[in-house]
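All remarks here apply to the structure that follows.
The values are calculated or read from the model by the stated rules, or taken from the named source; none is laboratory data. Predicted model only: the values in this text are computed from it and were never measured. Cβ placement follows ideal geometry from the backbone for every residue including glycine, while neighbour counts extend to all protein chains displayed.
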Amino acid sequence: MGLGASIAPLDFAVNIAFPAITQAFALQTASIRWVAVSYVLTYGSLMLGFGALGDRIGYRRVFRAGLMLAAIAFAACALAPTYGWLLAARVAQGIAVALTLSCAPAMATLLFDESRRTWALSTYTAMAAIAGVLAPIAGGLMIAMIDWPGVYWFRVPIALLALAGMRHLARDEPFRSTRSAQPFDTGGSAMLAASMGLLLLAPALLGARAEGVPLWAPWPIALAGVASMAAFIRRQRNTDRPFMPPEVTRDTDFWLINLAAVVVQFASFAVPLITPYFLVRVAGWDTPAVGALMAVWAIGSLAGSSGASGIISRLGAPRSAFVAMLGIIVGLGAIACWRSTPSVALMAGSLLVHGAGLGLFQVAYTDIVIAALPINARGVAGSLTMVTRTIGLVIGASLWIAVLQSIQTSAQTAGASLIAAFMSAFATVFICAALTAGSFLSGWWLRRSRMKRAETGATL
């Protein structure tokens with residue numbers, strides 16, 4: 001299961017290939033975001049529906065279908081003769097990842113007694129983090145050997161090997177016993193996918209003026225997404241088979257932790273999106289060296305997720321999520337301090353701290369969401385944690401590149417050199433990311449403090 005689920009974090013290798021793909025297809029820098037957006041928009045739109053499907057028909061079936069499609073999609077990406085072909089293959093890869101990841105967390109937790117749920121999530125997330133450590137290293141080596149298609153080719157045998165290993169999950173009694181008796185709501189899932197797709201596409205188009213997209217284009221798409229989501233919510237209220245229990249959907253704390261996850265992923269995506277350009281354009285590093293340094297970020301995530309079980313057992317999941325966000329903010333602030341004469345110690349330290357906070361947060365957040373939903377909705381619970389991640393990634397992919405290019409262009413117009421202009425934009429991006437996460441964390445902390453004071457007053 002860990003091997004099969006690794007196909008998603010191994011996609012971090014593609015970030016290392018962004019400069020090479022940009023050059024290979026003669027793209028503007030802003031256009032490269034569609035490699036990420038087409039992929040994450042697809043799996044973000046389908047994840048919850050596939051999770052609900054797994055709750056009904058069985059997680060193994062959905063997981064296996066994802067692995068089969070993934071092997072085909074990776075080969076199609078690697079063989080892409082044009083940029084349009086590559087984006088189409090990335091959509092297929094997004095469908096494959098949605099099938100696989102929608103059920104993987106549920107399968108991982110159901111292999112063990114419920115008292116070991118947090119440990120299972122910590123171990124599962126650590127396995128994903130190991131893949132994240134290997135991804136930039138493998139990506140850098142594959143680019144050096146066979147150019148950018150290598151970041152896709154090396155995952156084909158991994159998907160096939162995981163598929164072959166599915167026979168070890170032949171005894172599916174723990175999965176079968178938790179299946180929901182309700183029929184699958186195909187219409188509701190289609191409405192959810194359409195609304196999510198439209199809502200994710202709208203911000204992705206905001207920064208596409210340089211590619212000929214009119215400034216007004218995102219707004220009707222966003223309105224259509226809002227209308228579709230409203231229709232889906234209305235359908236959920238009137239159905240006897242909702243995706244999530246009504247008592248959960250009315251819980252403010254439940255939605256706040258999900259919003260926190262969106263903010264964390266939005267702020268954090270600046271790291272894999274922007275730092276490879278710094279290392280190539282400013283530091284002048286080759287791709288294996290870029291991959292090696294970015295692996296430090298993944299090592300931090302591995303450390304955070306591996307130690308999450310012990311931290312959560314002592315602090316509880318909500319406090320652990322709070323501590324994790326502090327680490328994320330410190331890491332983003334430290335990256336904003338990078339200079340054109342790179343300090344390897346500063347770069348490695350800031351990436352390590354940020355990665356550790358991100359790894360701890362993901363385990364704590366997933367534990368909170370899974371604990372809030374019934375066991376027969378575990379596919380939906382695990383999928384929800386990926387949907388919030390996707391929303392943050394899509395907004396981050398659109399906004400951070402746009403901010404970087406806008407500030408860099410303004411600085412160059414004012415007479416700054418190319419390096420100076422890039423460094424000014426680079427620092428601004430990470431300061432904004434740190435402030436965004438910090439502002440949310442401050443508001444969250446103030447709300448929790450007020451609630452505790454109110455509870456204490458009521459008790460007295």
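Filtering the stretch 253-261 for residues that are within 24 Å of the chain's Cα centre (by Cα) and among the charged types (D, E, K, R) leaves a non-empty set. For GLY212, the conditions (1) in contact with a helix residue (DSSP H, G or I) (Cβ under 9 Å, 6 or more places away or on another chain); (2) at pLDDT below 80; (3) more than 24 Å from ARG61 (Cα to Cα) all hold with the exception of (1). Quick one: is ALA295 closer than 25 Å to ALA36 by Cα and not polar (S, T, N, Q)? Criteria met by ALA295. Here is the figure for the stretch 40-60: residues that are within 13 Å of ALA106 (Cα to Cα) and not aliphatic (A, V, I, L, M) total 8. Taken over the stretch 343-391, the residue count meeting the criterion of being outside any helix (DSSP H, G or I) and of a type in the set (A, V, I, L, M) is 1.
For the stretch 62-78, a residue qualifies if it is among the aliphatic types (A, V, I, L, M) and farther than 11 Å from GLN93 by Cα, and the qualifying residues are VAL62, ALA65, ALA78. Condition check: of a type in the set (Lys, Arg), in contact with a helix residue (DSSP H, G or I) (Cβ under 7 Å, 6 or more places away or on another chain), surrounded by 15 or more Cβ atoms within 10 Å (Cβ to Cβ) and at pLDDT below 75. Does ARG179 satisfy that? Considered against the rule, which asks whether it is of a type in the set (Lys, Arg), in contact with a helix residue (DSSP H, G or I) (Cβ under 7 Å, 6 or more places away or on another chain), surrounded by 15 or more Cβ atoms within 10 Å (Cβ to Cβ) and at pLDDT below 75, ARG179 comes out as yes.
For the stretch 273-287, taking the residues that are surrounded by 18 or more Cβ atoms within 10 Å (Cβ to Cβ), within 17 Å of TRP148 (Cβ to Cβ) and not hydroxyl-bearing (Ser, Thr, Tyr), the one that is farthest from the chain's Cα centre (by Cα) is identified as TRP285. Take the residues in the stretch 263-286 that are touching a Gly at 6+ places or on another chain (Cβ under 6 Å) and within 19 Å of PHE426 (Cβ to Cβ); name whichever of them is modelled with the highest pLDDT. Step by step, filter the stretch 263-286, then rank; the result is PHE266.
Among the numbered conditions (1) surrounded by 22 or more Cβ atoms within 10 Å (Cβ to Cβ); (2) among the polar types (S, T, N, Q); (3) within 22 Å of TRP338 (Cβ to Cβ), the only one that SER383 does not meet is (3). Across the stretch 143-154, the qualifying residues are those that are closer than 16 Å to ALA292 by Cα and surrounded by fewer than 24 Cβ atoms within 10 Å (Cβ to Cβ), and the one among them that is modelled with the lowest pLDDT is ALA144. Only one of these is hydrophobic (A, V, I, L, M, F, W, C), touching a residue at least 12 places away in the same chain (Cβ under 8 Å), on the phi < 0 side of the Ramachandran plot and not in a helix (DSSP H, G or I): TRP148, TRP119. Name it. Being hydrophobic (A, V, I, L, M, F, W, C), touching a residue at least 12 places away in the same chain (Cβ under 8 Å), on the phi < 0 side of the Ramachandran plot and not in a helix (DSSP H, G or I) holds for just one of TRP148, TRP119, which is TRP148. The set of residues in the stretch 403-427 that are surrounded by 18 or more Cβ atoms within 10 Å (Cβ to Cβ) and either in contact (Cβ under 8 Å) with a residue 60 or more places away in the chain or within 19 Å of the chain's Cα centre (by Cα) (or both) comprises LEU404, PHE422, MET423, PHE426. Report whether or not SER228 is at pLDDT 90 or above, among the small types (Gly, Ala, Ser) and farther than 27 Å from SER31 by Cβ. Spelling it out, it is not the case that SER228 is at pLDDT 90 or above, among the small types (Gly, Ala, Ser) and farther than 27 Å from SER31 by Cβ. Every condition in (1) modelled with pLDDT under 80; (2) outside any loop (DSSP other than H, G, I, E, B); (3) not basic (Lys, Arg) holds for ILE221 except the one numbered (1). Of all residues in the stretch 12-70, those that are of a type in the set (Gly, Ala, Ser) and in contact with a Lys or Arg (Cβ under 6 Å, 6 or more places away or on another chain) total 1.
Of the listed requirements (1) modelled with pLDDT of 90 or more; (2) under 21 Å from the mean Cα position of the chain (by Cα), GLY51 misses just one: (1).
Residues in the stretch 231-262 that are at pLDDT 80 or above and within 17 Å of GLY44 (Cβ to Cβ): PHE232, ASN258, LEU259, ALA261, VAL262. Taken as a whole, the structure leaves VAL91 outside the set of residues that are closer than 23 Å to THR390 by Cα, aliphatic (A, V, I, L, M) and buried (at least 19 other Cβ atoms within 10 Å of the Cβ).
One residue stands out in the stretch 292-310 among those that are out of contact with any Gly (no Cβ under 9 Å at 6 or more places or on another chain) and crowded, with 17+ Cβ neighbours inside 10 Å: the one that is farthest from VAL280 (Cα to Cα), namely SER309.
Looking at the structure I just gave you, is ALA76 of a type outside the set (D, E, K, R) and surrounded by fewer than 20 Cβ atoms within 10 Å (Cβ to Cβ)? Yes, satisfied.
Residues in the stretch 339-382 that are touching a residue at least 60 places away in the same chain (Cβ under 8 Å), touching a helix residue (DSSP H, G or I) at 6+ places or on another chain (Cβ under 6 Å) and over 30 Å from TYR59 (Cα atoms): SER340, LEU351, HIS354.
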